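Notes to accompany the following structure.
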Amino acid sequence: MPDSTDKYYALMIFAVLGCVKGSVEAFAARSRGKGGAESSKIVSKLFILSGILTPVFIPAEIIFFKRPLCWHFSLFFSAAFLALMYLRILAIRALGPFYSVNVRIADGHMLVKTGVYKYFRHPLYLIGIMESFVYPLAPGAYITAAISAAASVPLIIFRRAEEEKALLEKFGAEYEIYKKATWF
């Protein structure tokens, strides 16, 4: 039988993680580079819609479904979420002026192969995939996690393919070599 305080603890976890997510989003907005032609703006709008709906669905699920809060589970996913947000900041910093919310090849664009980009071609997309599960799971919103992942993962995979094409077009053989040395 779930304790009524479980709902409040789950909502507090959601609120804390939501504040962290909001802070990282603000950092990302300030870090956005300028210049160059952008594509995939419709996908960006769908990401924004998902980003708006997920924090609406999480508390709704917590309030309407009476489930016990599994503290071990919640702590694990909260820690994983915080680690993902830290990695997201590192990836955005590594990109510097080449960071954008849309697929964009900026003027004077250089291929970034440092920081997390030494190991992953698209760490922000990988983080996005994991975040779509982890953020709702931390406060115990299992249904929202499934919906979030089902909505986000195809968009991320599509966006990744578009970016791969743009980077290959811009950097050619250099990008082919980089692809072989990195994952995702």
- Message: Taking the criterion of being in contact (Cβ under 8 Å) with a residue 24 or more places away in the chain, among the aliphatic types (A, V, I, L, M) and over 20 Å from Ser78 (Cα atoms), would at least one residue in the stretch 21-38 satisfy it?
- Response: yes
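Is the stretch 56-73 home to any residue that is among the small types (Gly, Ala, Ser) and either under 17 Å from the mean Cα position of the chain (by Cα) or crowded, with 18+ Cβ neighbours inside 10 Å (or both)?
Here is the first cut: in the stretch 56-73, the residues among the small types (Gly, Ala, Ser) are 60.
Applying the additional criterion that residues be either under 17 Å from the mean Cα position of the chain (by Cα) or crowded, with 18+ Cβ neighbours inside 10 Å (or both) yields none.
Among the residues of the stretch 56-73, not one is among the small types (Gly, Ala, Ser) and either under 17 Å from the mean Cα position of the chain (by Cα) or crowded, with 18+ Cβ neighbours inside 10 Å (or both), which makes the answer no.
Given the residues Ala79, Ala91, which is the only one that is surrounded by 18 or more Cβ atoms within 10 Å (Cβ to Cβ) and either in contact with an Asp or Glu (Cβ under 7 Å, 6 or more places away or on another chain) or not polar (S, T, N, Q) (or both)? Show your work before the answer.
Values: Ala79 fails: surrounded by 18 or more Cβ atoms within 10 Å (Cβ to Cβ).
So the residue among Ala79, Ala91 that is surrounded by 18 or more Cβ atoms within 10 Å (Cβ to Cβ) and either in contact with an Asp or Glu (Cβ under 7 Å, 6 or more places away or on another chain) or not polar (S, T, N, Q) (or both) is Ala91.
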- Could you look through the stretch 128-184, keep only residues that are within 25 Å of Val24 (Cα to Cα) and hydroxyl-bearing (Ser, Thr, Tyr), and pick out the one that is surrounded by the most Cβ atoms within 10 Å (Cβ to Cβ)? Tyr135
- If you take the residues in the stretch 109-122 that are part of a loop (DSSP other than H, G, I, E, B) and touching a residue at least 24 places away in the same chain (Cβ under 8 Å), which one is surrounded by the fewest Cβ atoms within 10 Å (Cβ to Cβ)? Tyr119
- Note on the structure: With the first residue restricted to the stretch 155-184 and required to be over 17 Å from Leu95 (Cβ atoms) and free of Cβ contacts under 8 Å to residues at least 24 places away in the same chain, and the second required to be assigned to a helix (DSSP H, G or I) and among the aromatic types (Phe, Trp, Tyr), Cβ contacts under 6 Å at 6 or more apart or on different chains are Leu168/Tyr175
- Message: Any residue at all in the stretch 168-184 that's over 28 Å from Ala37 (Cβ atoms) and assigned to a helix (DSSP H, G or I)?
- Response: no
- If we take the stretch 1-107, then helices (runs of 4 or more DSSP H) inside it with 2 or more residues that are closer than 20 Å to Ala166 by Cα are 41-64, 71-95
- Could you run through the stretch 100-132 and say how many residues are at pLDDT 95 or above and under 16 Å from the mean Cα position of the chain (by Cα)? 15
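The values are calculated or read from the model by the stated rules, or taken from the named source; none is laboratory data. What you see is a predicted model, and the numbers here were worked out from it, not measured in a lab. Every residue, glycine as well, gets a Cβ built from its backbone with ideal geometry; the counts of neighbours run over all protein chains shown.
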